[in-house]
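Comments concern the structure below.
The values are calculated or read from the model by the stated rules, or taken from the named source; none is laboratory data. These numbers were taken from a predicted model, which means no experiment stands behind them. Heads up, the Cβs are rebuilt from the backbone with ideal geometry, glycines too, and the neighbour counts pull from every protein chain shown.
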Amino acid sequence: MIFNEEFETLPREALEALQLKRLQQVAQRVYHTVGFYKKAFDEAGVTPDDIQTLEDIRKFPFTTKQDLRDNYPFGLFSVPMSSIVRLHASSGTTGKATVVGYTKRDIDTWSRLMARSFVAAGLTKNDIIHNAYGYGLFTGGLGAHYGAEMLGASVIPISGGNTKRQIMILQDFGPTAICCTPSYALYLAEQGEELGIDMTSLKLRVGVLGAEPWSEKMRREIEYKLNITALDIYGLSEVIGPGVAMECAEGRNGLHVFEDHFIVETIDPVTGETVPNGAEGELVFTTLTKEAFPLIRYRTRDMSRLMKEPCRCGRTVARMARITGRSDDMLIIRGVNVFPSQIEQVLLDIEGLEPHYELIVDRDGTLDTLEIKVEVREAIFSDEVRTLQKIERRIAKDVKDYLGVTAAVKLVEPKSLQRFEEKAQRVIDKRSI
Ligand code: DLL
């Protein structure tokens, strides 16, 4: 099923013509209404009239998170405050939050994008959606909420936290879909089990999970433990919130980027050059239809690759592969570049481990050290010490073989590592503390 058949299945040529027209309009608008863009374009020696083809976008400067911070809080808005009906902010682990604004029409656009996403997940107005994304400045809660209402589904605005109550509502209200982070989905499953509840017999059938990186292995684990189809949703506050891209239930191979509203590029994070088609790079987004807070070539720091072939679901818009990490999340351990997601991949390939781990990076004199703490299944934990040591050695060997770094591995008791209600924080880098 497709929510907006006309725009989601446009022949590529028509889609690109629409993108070009919209790009020309937004470039004109930001040039004339946002001082930051006027200055940036002038410095780069470009004007909106230089956009004759879609490729011309590459002549334009990038916008970065730092630019957003420098213009904190409202400096990049392109409409007067009287036209803004909503503000959100992304917390960010360093520095000031970045603030984003929406006009009435932006909220409508966003709701439609979220409704598209739900329909791509196979949901209809007959579904009951348990929305456990946090409500507040975070875009997850209200974004999913408005989308669910736009679709006509029944939404349970449970927000994050109070897991026991969440489980009671899952049992009593019988929602058919759940929205939350993948780590919270696992946590719910685990807490339910602990309370002696068969979490596979709930009415839930679909999970619309995102806001943090996760892996195929983790997907399988969630699907098994909750007996649902788990689908990946991507977005970021700066670009609009959740609903920038969504995996479809039919394809389950990459997330459809809603290209009638966004232009997506992939660049080399070091040189800024466009990478060849299909190669991994940092995602860069330009918004085509947003009024309050348009963005030109925003560097997300998220690493992925694009697939332009049509999907079996009928959508013609490009797909992005599951995010593999953030270019600024990359750990450099004794000169070796490692993404936490790569370590996760190694861990989840080993039988007996739980998808809960912590990476502790520290410095011993001048040498970087990496410690991996990972939970093991109950049966293994109570097995002989020798068995545990064998697994620890296997992990250390695989991490060394695949990623080239030496790690101290410690297996820990099930449920002993911290759990997260929103985004998981699995890396503790003591070098920067
Ligand atoms: O996390 C928006 C969102 C809410 C997306 C609910 C999906 C579901 P921010 O708080 O601004 O917005 O964080 C954006 O989260 O740049 C990625 O690094 C990461 N992220 C979001 N979705 C995914 C995903 C929301 N599906 C940042 N896979 C982004 C991997 C994701 N990382």
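Only one entry of Pro294, Pro213 meets the criterion of being at pLDDT 95 or above, in contact with a helix residue (DSSP H, G or I) (Cβ under 9 Å, 6 or more places away or on another chain) and in a loop (DSSP other than H, G, I, E, B), and that entry is Pro294.
Note on the stretch 206-260: among residues that are acidic (Asp, Glu) and more than 14 Å from the ligand (Cβ to nearest atom), the one that is surrounded by the most Cβ atoms within 10 Å (Cβ to Cβ) is Glu259. When Val155 is tested against (1) surrounded by 16 or more Cβ atoms within 10 Å (Cβ to Cβ); (2) under 27 Å from Ile240 (Cβ atoms); (3) at pLDDT below 95, only condition (3) is not met. Can you find a residue that is among the hydroxyl-bearing types (Ser, Thr, Tyr), part of a loop (DSSP other than H, G, I, E, B) and within 16 Å of the ligand (Cβ to nearest atom) anywhere in the stretch 141-160? For the stretch 141-160, residues among the hydroxyl-bearing types (Ser, Thr, Tyr), part of a loop (DSSP other than H, G, I, E, B) and within 16 Å of the ligand (Cβ to nearest atom): present.
Contact map, the stretch 6-34: first residue farther than 16 Å from Val317 by Cβ, second residue surrounded by fewer than 15 Cβ atoms within 10 Å (Cβ to Cβ), Cβ cut-off under 6 Å, separation 6 or more or different chains; pairs are Tyr31/Lys38. Is the stretch 269-291 home to any residue that is touching a residue at least 60 places away in the same chain (Cβ under 8 Å), assigned to a loop (DSSP other than H, G, I, E, B) and within 16 Å of the ligand (Cβ to nearest atom)? Yes, the stretch 269-291 contains at least one residue that is touching a residue at least 60 places away in the same chain (Cβ under 8 Å), assigned to a loop (DSSP other than H, G, I, E, B) and within 16 Å of the ligand (Cβ to nearest atom). If you scan the stretch 395-433, which residues turn out to be under 18 Å from Thr369 (Cβ atoms) and within 16 Å of the ligand (Cβ to nearest atom)? Hits for the stretch 395-433 are Arg426, Val427.
Among the candidates Ile129, Ile169, Ile178, the residue that is more than 16 Å from the ligand (Cβ to nearest atom), over 24 Å from Asp302 (Cα atoms) and not in a loop (DSSP other than H, G, I, E, B) is uniquely Ile169. Across the stretch 84-99, which residue is nearest to Lys423 (Cα to Cα) among those that are at pLDDT 95 or above and aliphatic (A, V, I, L, M)? Restricting to residues being at pLDDT 95 or above and aliphatic (A, V, I, L, M), the top hit is Val99.
The residues of the stretch 192-209 that are in contact (Cβ under 8 Å) with a residue 60 or more places away in the chain and under 21 Å from the mean Cα position of the chain (by Cα), listed by number, are Val206, Val208.
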